[in-house]
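The block underneath contains the structure these notes are about, expressed in structure tokens.
Just so it is clear, none of the values below were taken in a lab; they were calculated from the coordinates. Please read all numbers here as calculations on a predicted model, not as lab measurements. Quick reminder, even Gly has a Cβ in these numbers, built from the backbone with ideal geometry, and neighbours come from all protein chains shown.
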Amino acid sequence: MGGETLTTIVSIFLAAILIGIFPMIAIADRNDDISQLTVQTYTSELVDKAVKTGKITEEDFNSFVQAIYSTGNTYDIDVEIQVLDENPSKKTTQYTETKIGENVYYSIFTTQFMNELETNSAYILKEGDRIIVKVSNTNTTIAQSLKNFFYSLAGNNSYSIVVTDSGTIAVNGG
Amino acid sequence: MRLQNLIIIFVVIALPVIIILSVYVNYQVDTANLRASYDNKFLSATYDMLTAFQLNTTNDKYSTTSDSLVRDIEASINTFSAAFAGSLGLTGMSKSDVMTYVPALLFTMYDGYYIYAPTAKVANESDKITYDHTLKPYVYYTDEYKNGNKKIIINYSLDNYVAVYYYDEDNNEYQSKAGYLEAITKNLNSNGIYIDGTWDDVNKTFTSINSIYYNRVEIDRDEILIKNVYSHKNPDGTTTNYYSIKADGTIENFNPIEKESIEASAYDYYKEAYEFTYWYNNEIINKFDNDTKNKLTISIDNLALPNVRFKF
């Protein structure tokens, strides 16, 4: 009798795992993959737009933020803009004094970028500048929490959705 | 044994196998995704490099001189390393760190190439050889063919333009020419260039040409209008054509010209290509042995030309 009860408990436990937990882990993982793909697509679109038009408007950026938040996660967006510093004191006998890839770049980071965006409703870039956008999730997704429960490997700062994209601006904005 | 027990035993055996297999498959999927992601980042860094190269050369009228070209290439290499590091989220990575993962960058130009690859540096006092990426000197697409004391050097390009240098040591003969190679034919119904005209065998050129055919299509000269003609309706109802407006906006009355120029670039090209190919085949390649002749003679047989007849 005791043996039968133990067998019953084990079988219920196994059934719960097989029917409940594993499919949930699999679906949660797929969900994370879909979110990763969605965020990758929108990030590429934002960078492509900046490359082709030479500017990022507040409207573009806000719609980008809304689109990535629609995946159901919260994200940390890091924007770095490497501005081409044209150094006029460089001595040269050639026709063009500055070439893209040759000069010093100075960086504008997220806070400065957001301030400029709020003040002027757009951030104007020029030919040769570079834009780097990095997005990572800040919440714990279902897959992450399930994995933490089972594997206890994930630390506090691990992300499951990380996207980086960059581009060199091809036209002067404004 | 009861069915329940059997099921439990089956699950206990099968479950670990399933878990291990699914972990393995996940690793494979993650590896494929990561490889695709790196490929993508590499391609976009290459695209940025070429955009920078294009922008630099477009804005520079001295872009074809070698010093300026080297500067453009080095600038685009800097753009590549910065773009690649940026796309990986490692903007602080230096150029030499990025280039550790890039074996070589090859810039294929019209008639040669530049290569940016690791070069062994001169050994220092402790006898260690270090490798640094440097831009090697320009290498032309060139090949040399020898037959006894006859030698031919051909500089190739990405299209059918070649420069040929021929030297015969026995007769101390030296010839050199450059031009476009095309298959030539004496048969109107064959592919290649066919010219109906008077051939001067001494100077190896055409003294007069009636018609030129290429792949059985006649090449004609086009008369084109290159000046704008302004029509002005006179008070008496007639129309006068002018072809120039003065700086102050008044119309200058010249005789209307409808055929200002003759567009003959295709015509001239086929004539010059025929003469150059004739010289190449008959004056130069003919002097070599059969193996070299078979390899280097330009003819219909060794050029894969489509057998088409154009219809209009």
Shielding by partners - mean other protein chain Cβ count within 10 Å, residues of B:21-28: 1
Of B:204/B:287; A:52/B:95; B:151/B:177; A:49/B:61; B:204/B:293, which sit over 23 Å apart, Cα to Cα? A:52/B:95; A:49/B:61
Most exposed to least, judged by fewest other Cβ atoms within 10 Å, A:166, B:176 sort to B:176, A:166
Calculate the mean, over all residues of peptide A:12-18, of how many other protein chain Cβ atoms lie within 10 angstrom of the residue's Cβ. 2
Computed D for the range B:41-160, Stokes-Einstein, Kirkwood radius over alpha-carbon pairs, 37 °C, 0.692 mPa s, to the nearest µm² per second, is 197 µm²/s
Once both labels are modelled 7 Å past Cα along the beta-carbon direction, what's the residue B:240-residue A:109 spacing in nm? 7.4 nm
Listing B:11, B:217, B:17 from the residue with the fewest other Cβ atoms within 10 Å to the one with the most, what is the order? B:17, B:217, B:11
Anisotropy class of the range B:36-82 from Cα gyration tensor, a/c 1.5 cut: prolate
Using every pair of alpha-carbon atoms in the range B:73-115, split the distances into 10 Å bins beginning at 0 and state the percent of pairs per bin, rounded to integers. 26, 51, 19, 4
Please name whichever of B:28, B:92, B:10 sits farthest to the positive end of the charge dipole of the range B:1-110, dipole taken about the Cα centre and charges placed at Cβ: Lys and Arg +1, Asp and Glu -1. B:10
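To make sure I understand, if each residue's beta carbon is the centre and we count other beta carbons within 10 Å, what order do B:193, A:9 fall in, fewest to most?
Sorted ascending by nearby Cβ count, the order is A:9, B:193.
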Hey, got the average number of other protein chain Cβ atoms within 10 angstrom for residues in B:47-53? 5
Within the range B:18-84, report the trypsin sites (Lys or Arg not before Pro) that DSSP leaves as loop and that have at most 10 other Cβ atoms within 10 Å. none
Greater than 24 Å apart at Cα, pairs in A:55/A:134; A:126/B:136; B:41/B:128; B:186/B:271: A:126/B:136; B:41/B:128
Kirkwood hydrodynamic radius of the range B:1-88, Cα pairs, Å: 17.3 Å
